[in-house]
Each structure stands twice: as C-alpha cells, then as structure tokens.
Amino acid sequence: MVKYWATLWYKSPVLQSLFRRPVLLSSAGFFARRHHFPTHFVPDISGKDIFLHFSFGEYKTSIHIRKEIPLIENITGDFGNTIIIADENTAYIADKVRNGRDITRCILKNGEENKNWQSVETIIRAANQAGLGRDCIFIGIGGGVITDITGFAASIYKRGCRLVFISTTLLGMVDASIGGKTGFDLLGLKNLVGSFYPAETVYMPLFSLSTLPQIEWKSGMAELIKTAILSGDDFLELLFPLAANFDDAPSLLKYDTFRNCIERAVNYKDSVVTEDFYDFGKRMLLNLGHTFGHALESAAGLGKITHGEAVAWGVVRACELGVTLGYTPQSRAKKICALISSFGFECSCPHPLARDTEAILHAIKGDKKKKIGKYSFIVPDETSARVVEIDSDDTKTLVDILAGGIRL
Ligand SMILES: NC(=O)c1ccc[n+]([C@@H]2O[C@H](COP(=O)([O-])OP(=O)(O)OC[C@H]3O[C@@H](n4cnc5c(N)ncnc54)[C@H](O)[C@@H]3O)[C@@H](O)[C@H]2O)c1
C-alpha cells in the first residue's frame, strides 16, 4: 500500500502539489522501516549534477554525482558488447538503465556472503556466453559487493576489459565505488583476493538511494564518519546534526546535504588514492576501524552484520587503542564515539554477535596489513589519523580492548 501511494506520488506532479511532501515521506518511511519494505520516495533534489575527474597512475576516472539513474545510451552505444551486473535488489535499477534494450544481464544473489569466487565466475561465464570481446564494458550496478566483484571480474576477463559502476548505496558512493580496489572474500576472510582496477566512470545517482533500507543508510554513515575523522573536524561537525533525524531515512534524502557529504568524501578519498594508489602509505589511513571491523565481520560470520556496523565498532576500538597508546586525545576520542553512538551503532565490547575474543584476535592475525612481527592499526590523532604498529608478541593491549577492559 505504502509502495503504491509512493509510486503514484512519484509519477504524479498533481499529487505532489496537493500534499506536502514531508508528511507523506515521514509516514511512509515509518511503515517502510517497520516492515522493511523498499521505499519509493522522491528525493528533495534541487542542486546541479557534479562531475569530478581523477587520475590514478595510468587510470582516469570520471565521477558523476547526479539525480537521475543514467540510461544505457548515455553510457555506451555498443549494446551488443556490454554486460550489466546487478543483484536481486538492484535488478530494478538495471532495468531502468537498460531502457528496454537487449543487453546481456547477470543478476547475482545479494549480500556479503555472495562476495565470492562463484559470483565472479558467474559473471565471467555470462560474458563469455554472450561472446563479449576484450573491448567490452562491464557495468556493475549496486553497492560495494557488486562493484567489488564486478571490478575484479573486469580486471581478469580477457586480461582486463572496460569498467563502469553505477553506485547505489551510500557506502558505495562515499567509499567502495572509487579508488580501484576490487576483490572478493575467501576462506572466511574479507577481501583475501583482489586487484587494483578503477572504473573509468562512476555514476552516483541520488534517486537510487530512495529504495535503500534504513540499515544500509546507517552502514554508509559509518564510512562517512570514518572519512570525516580523517579529513578533519569541520567535516565531522557537519555530521552531528544528521544524527537527530537519522531514524527517518527518507527525510535525509535531501540532495544538498548528501550531495555535499558525498562530494567531500569522494574528494577526500581521491586525494589520498591519487597520492598512494597501491596502498603503501597514506592510503592505509582509509582503513581506520577496518582491522577491528573486518575481524568482527569474520568472527561474527560474513554477512551477519553490515560492513558499516563493523567499521563503526572498529573505529571505537581504534579510539580505545589510540588513547591507550597516547596518540588519540581523549577529548577527540569521546567526540568520535559520541557521534558513532548517536547513530545507534553497537559500540560495546565484546560485541553481542562475536563474544569470542580469541576468534577476533585470530582474524586480526590474518589481516592483510600485517607485516612480519607487527600488526598495523590506524588510530585517530589530533586532526586526522595515523598508522601505529604493535609487536605481534605483545597482544596484551589488544586482549584488554577486546575483553571490554578499556573505558574512555
Ligand atoms: N573497494 C573498496 O574500496 C571498498 C571500500 C569500502 C567497502 N567495500 C566493500 O563494500 C561492501 C559493502 O558495500 P555496501 O554496504 O554497499 O553493501 P552491499 O553491496 O551488500 O549492499 C547492501 C544491501 O543493499 C542492497 N542495495 C544496494 N543498492 C540498493 C538500492 N538502491 N535499493 C535497495 N537495496 C539496495 C544490496 O542488494 C544489499 O542487500 C563490503 O564488501 C566492503 O568490503 C569496498
């Protein structure tokens, strides 16, 4: 019913002028949250589209932060040499993009638990079956899971083909779709296999966020908070007022607020990636909260909590570590943790879904960033964050943190 009215609203300017939008949005949002229906709202969009261009070594990426979902004819005219990859929840966006044209489609199961080799192979088989050449375009339409596996498949199909993303989650827009990291999970470990392969164009259509479930808004918010911590306190301050209305996701669909946040996050990430594409230095900062977060995801079971929930929990642990080691001012740590908890993230330790401290420690030991004899963590500092290394023999501080023994 809610979906019916909202769709009617979407299509009818007369209805839109008869009723005041915020009332309809908030009541429909209430039902959508309770029943986990996808919502169909009209975002309050007034600003101009934004085009950004970045170069990473030999690669160039154009980013389009825009209102509309792009149509295939705006992306390519080579319809016979294109494959669209989406998941069950973004298949409807893929249909809009296809615009009635006969284009090979590959619809995968959604969720982190499907970010695996089988999904990569499914894409490659579909491309091969359609007879696509190495000059073909892979178009990944979805959140970070779809863009990570589509990017990886594109990087190996016939030794590399063209790649375009249409990012459809907040998390994808502010982080996962940009910077060229691709990959999939293996052996229960996050992103164990991957490549560096940026998309040539990334579309970020704000309209696509109108169906995003509240839990995924929240997940994206965690990466936004992470980026704000890294880029400085003025960005962080911008996020505090968002928490007040966060329960009502549709009312957050204010183009100007989110366009601004997404643009800032994209610009920050790209400045870091341009400087350190292959992740040997400054780019490691983007992993703030991720060593603890990935370990929590692995220990809880991949797909049991969202990536953002894990990152938020990980940032709190990184604050505890930073304060314990003397790198994070306590006042900044408290401010960051207050922001995270104001969005309703689970901050307590042990986490209710992964009480086994040993399992988390084990996952930390398998972290990609680990060097011989050292664990690397990113902790907030006075204005941004820094990399700290801990001797792998000296796990006492980590054990204390994971046991919930450190209070800020
Ligand atoms: N490559 C990178 O640099 C990078 C950075 C951060 C995160 N990541 C990865 O991104 C992944 C998380 O991304 P995510 O949070 O976007 O998760 P996701 O791709 O799993 O999407 C979350 C859920 O929302 C659904 N969905 C997506 N768009 C929708 C829409 N518009 N309407 C309705 N439903 C929609 C999806 O089907 C899925 O069920 C993780 O695997 C993480 O490791 C990668």
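Nothing in this text is a laboratory measurement; each read-out follows from the coordinates by a stated rule. The structure presented is a predicted model; accordingly, all values stated were derived computationally and were not measured. Positions of Cβ are backbone-derived with ideal geometry, glycine not excepted, and every protein chain shown enters the neighbour counts.
Lys and Arg at +1, Asp and Glu at -1: add these up for the other residues within a Cβ distance under 14 Å of ASP87 and post the number.
Values: positive: ARG105, LYS109, LYS115; negative: GLU88, ASP95, GLU112, GLU113, ASP148, GLU216.
Around ASP87, the charge tally is -3.
Grab the Cα-Cα distance for GLU73 and ASP233, subtract it from 0.36 nm times how many residues apart they are, and report the gain in nm with one decimal.
Working: separation 160, 0.36 × 160 = 57.60 nm, distance 4.15 nm.
Full extension from GLU73 to ASP233 adds 53.4 nm.
If R0 is 25 Å, what FRET efficiency do you get for ALA130 and LEU52 from their C-beta distance, rounded to 0.05? Display every interim value, and only then the final one.
Working: r = 32 Å, r/R0 = 1.27.
That gives a FRET efficiency of 0.20.
For the cross-link pairs LYS109/LYS396; LYS109/LYS269; LYS48/LYS158; LYS158/LYS254; LYS218/LYS282; LYS67/LYS334, which exceed 31 Å when the distance is taken from alpha carbon to alpha carbon?
Going by Cα-Cα distance, LYS109/LYS396; LYS48/LYS158; LYS158/LYS254; LYS67/LYS334 fall outside the 31 Å limit.
So for region 288-408, what are the equivalent ellipsoid semi-axes in whole Å, largest first, each being the square root of 5 times an eigenvalue of the Cα gyration tensor?
Details: eigenvalues 72, 67, 31 Å².
For region 288-408, the semi-axes come out at 19, 18, 12 Å.
How would you rank ARG125, ARG407, ARG259, going from fewest to most other Cβ atoms within 10 Å of each one's own Cβ?
Details: ARG125 11, ARG407 6, ARG259 22.
With the fewest neighbours first, ARG125, ARG407, ARG259 line up as ARG407, ARG125, ARG259.
If each Cα of region 140-180 is one equal point scatterer, what is log10 of I(q)/I(0) from the Debye formula at q = 0.29 Å⁻¹?
Normalising to I(0) and taking log10 leaves -0.91.
Please arrange HIS53, HIS294, HIS351 by how many other C-beta atoms lie within 10 Å of their C-beta, fewest to most. Don't skip to the end; give the middle numbers.
Details: HIS53 9, HIS294 27, HIS351 22.
Going from sparsest to densest Cβ surroundings: HIS53, HIS351, HIS294.
Two-decimal Rg/Rh of the chain from alpha-carbon positions, Kirkwood Rh? The partial results should precede the final answer.
On the way: Rg = 21.0 Å, Rh = 21.7 Å.
So for the chain, dividing Rg by the Kirkwood Rh gives 0.96.
How much of the pair distance distribution for region 46-279 lies past 27 Å, counting alpha-carbon pairs only, in percent?
Numbers: 7999 of 27261 pairs.
Result: 29 percent of Cα pairs exceed 27 Å.
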